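What follows is a short report on a single structure.
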Amino acid sequence: MLPARLPQMPEVWRLESKPHKFCPGCGHGIVLKCLGEAVEELGLVDRTVFACDIGCSLLAWDFFNLDTVQTHHGRTLPVLAGLKRVRPELVVVAYMGDGGAYAIGAQHLVASAGRDDPVTVIVVNNTVYAMTGGQMAPTTLPEEKTETTPYGRRVEENGPSLRGPELVASIASPGAYVARGSVARVRQLKGFIKKGLRAQVEGGHLAFIEALSTCPTNWRTNARETWRFLEEKMHKHFPLGEYAPAQAVREEGGGAQPPRKS
Amino acid sequence: MLNPQGNLKIVLAGEGGQGVQTVAEIMAEAAFRSGYQALYIPSFGVEQRGGVSLAFVQVGRQPIGAPVFYTADLVGAFSLRAVKKIGGYLGDETWLFYDAHLEEEVKELYPSLERRVAIPALEVAREEMHPRVFNVVILGALGEATGLLPREAVTEALERQLGHKFAQDPSLREMNYRALERGQELCRLALAGEGAAGGQGEVRRGPGGERGPEKADRGRGGLVPGSLEPIITEDGQGRFYLYPALCKGCGLCIEKCPVRTIGWARQLGALGTPVVEPGHGEPCIACRQCQLVCPDCAIWIERRDGDKP
């Protein structure tokens, strides 16, 4: 008989807290696997601080063998921005859901992006408020059925769904890194997260990565329908790829910068 | 058998995802459709799945005042953690129904309880049908145990609750109906064997039931060394390592497999749901898509030729 082997999970994953608390089929596990591997491959394990927000993302509070802090409603960002100012040698990762980052805590995201805080932000977008039972979030797709939009989200009433990376890219400073990946493209997502960590460590800039993710529990989908919703509907509405900060584009193009007062 | 004063009070407990809420809802629906007063309320933690999930059901002729109560007439517990949790709802007159694989734990925890009935639901579902219909077997058994719910009403409520799934795959309807009938039979058998309710609920094994419960069946009791043993299957070019203690049975890998070799296994995993295994389609090409998308790191693929990818 072959010798028993331990599961091949990133070493930075905390084995005692596994199986983790996320639902079966939840994309959080895949994003956190990418993050764990990225942190390990860049050799940052000893100086990384992980911070999770409220919502399902907080279920990662004991996920890693890393110093971890949990805050509420998007305050993950200002907390980490403060931490980074006091201890600039640390690598800080803010891990949030779309509810925490775009709805309840949007002002912190906007302020951090404007200040270009050297923080790596990972926002997991599953189009619903998952922990509270699947209510409509800013990112809910048009016509998508949720607990609070039983007939589908109506754009004329609730507005179109919010696109986070586009928002951040439009206010981020030159040098900031903005991208959108998906748990259906695991290798690409891991690459984005690695670049995001580098942007913070090497460039001292904000890095913002949105990861499109799954929520079979609240979508009420089986595995096939879960992938279909993610890959057919979400990928179409939220284009994957890297987004150049608009400020950089404007500077390169000259003009468009407001005149400075002397 | 159950004929309490006033309304019948039922508590069901299991792992999140095992399906006790569905059972409770169907029971309440069936009771309501049969002209009874009926109320069902769920109780579980912040995790939508993966914790112990409790369901409170009341059925009877009297108007129902409050959704929660302290002593139940009938308690169903279907995982180790559930058995530990329901102690507070047991009174001298309470009937405790539990899955047969929990026999030892129930005896140990509640030695003085007289009215306990073991139902080999998990084993019957796994051996005769599919582990996923475990909760429908339970539904059959408990519906029968109440002595109040007409079988047609239960069937009708089952149809209302799961009809949309049956519409997608009609073979599921037949399997669920069979599970329901088997549950009713198991209950009758168990109660007949009970005789004077000596507490020896020993009508345990259905036909073909020699296999003892595997470790992973016993719910999630934290990761003890040894429970991380993988199941190793060779298929095509790959050696498929599956860790039942980690696999939550989400099925993401099944859909991502380009040769569709992955399918459901009979073995149960971390949440009491089936794990996956290769060997259901074309031979494995060791592409590691399944390993890549597994949110729980429950799969690891080794190439049989030893080459690194």
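Return the only residue of A:Leu35, A:Leu66 being more than 7 Å from chain B (Cβ to nearest Cβ), under 28 Å from A:Thr226 (Cα atoms) and out of contact with any His (no Cβ under 9 Å at 6 or more places or on another chain).
Numbers: A:Leu66 fails: under 28 Å from A:Thr226 (Cα atoms).
Criteria check complete, one pass: A:Leu35.
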Selection from segment A:64-94 of residues that are part of a loop (DSSP other than H, G, I, E, B) and either surrounded by fewer than 21 Cβ atoms within 10 Å (Cβ to Cβ) or not small (Gly, Ala, Ser) (or both): A:Asn65, A:Leu66, A:Thr71, A:His72, A:His73, A:Arg75, A:Arg87, A:Pro88, A:Glu89, A:Leu90
So which residues in segment B:6-23 are over 14 Å from B:Ala82 (Cα atoms) and either out of contact with any helix residue (DSSP H, G or I) (no Cβ under 9 Å at 6 or more places or on another chain) or among the charged types (D, E, K, R) (or both), if there are any at all? B:Gly6, B:Asn7, B:Lys9
Conditions first: (1) of a type in the set (Phe, Trp, Tyr); (2) buried (at least 19 other Cβ atoms within 10 Å of the Cβ); (3) out of contact with any Phe, Trp or Tyr (no Cβ under 6 Å at 6 or more places or on another chain). A:Trp61 passes all but one, so which condition is the exception? (2)
Scanning segment A:184-218 residue by residue, those in a helix (DSSP H, G or I), touching a Cys at 6+ places or on another chain (Cβ under 8 Å) and over 19 Å from A:Glu37 (Cβ atoms) turn out to be A:Pro216, A:Thr217
Can you tell me which of (1) surrounded by 17 or more Cβ atoms within 10 Å (Cβ to Cβ); (2) in contact (Cβ under 8 Å) with a residue 40 or more places away in the chain is the one A:Arg47 doesn't meet? (1)
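Listed here are the residues, each with its yes/no results for (1) surrounded by fewer than 24 Cβ atoms within 10 Å (Cβ to Cβ); (2) not in a strand (DSSP E or B); (3) not hydroxyl-bearing (Ser, Thr, Tyr).
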position	(1), (2), (3)
A:Val124	no, no, yes
A:Gly133	yes, yes, yes
A:Tyr151	yes, yes, no
A:Pro165	yes, yes, yes
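Quick test for you: out of B:Cys253, B:Cys294, B:Cys257, pick the one residue that is more than 24 Å from the chain's Cα centre (by Cα) and not assigned by TED's automatic domain parsing to the domain that holds B:Phe78. I'd like the intermediate steps shown before the answer.
Details: B:Cys253 fails: more than 24 Å from the chain's Cα centre (by Cα); B:Cys294 fails: more than 24 Å from the chain's Cα centre (by Cα).
One residue alone meets the criteria, B:Cys257.
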Expected single match for within 14 Å of chain B (Cβ to nearest Cβ) and at positive phi among A:Gly55, A:Gly43, A:Gly27 is A:Gly55
For segment B:231-293, which strands (runs of 3 or more DSSP E) that fit wholly inside it have 3 or more residues that are within 12 Å of chain A (Cβ to nearest Cβ)? B:231-235, B:238-242, B:274-277
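Residue-by-condition table, conditions (1) farther than 17 Å from B:Ala31 by Cβ; (2) within 14 Å of another protein chain (Cβ to nearest Cβ); (3) not aliphatic (A, V, I, L, M):
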| residue | (1), (2), (3) |
| --- | --- |
| B:Gly60 | no, no, yes |
| B:Val68 | yes, no, no |
| B:Leu80 | yes, no, no |
| B:Val83 | yes, no, no |
| B:Tyr89 | yes, no, yes |
| B:Glu93 | yes, no, yes |
| B:Glu103 | yes, no, yes |
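The values are calculated or read from the model by the stated rules, or taken from the named source; none is laboratory data. Bear in mind that the values here come from a model prediction, so they are computed numbers and not experimental data. Reconstructed Cβ throughout: ideal geometry from the backbone, glycine too, with neighbour counts over all protein chains shown.
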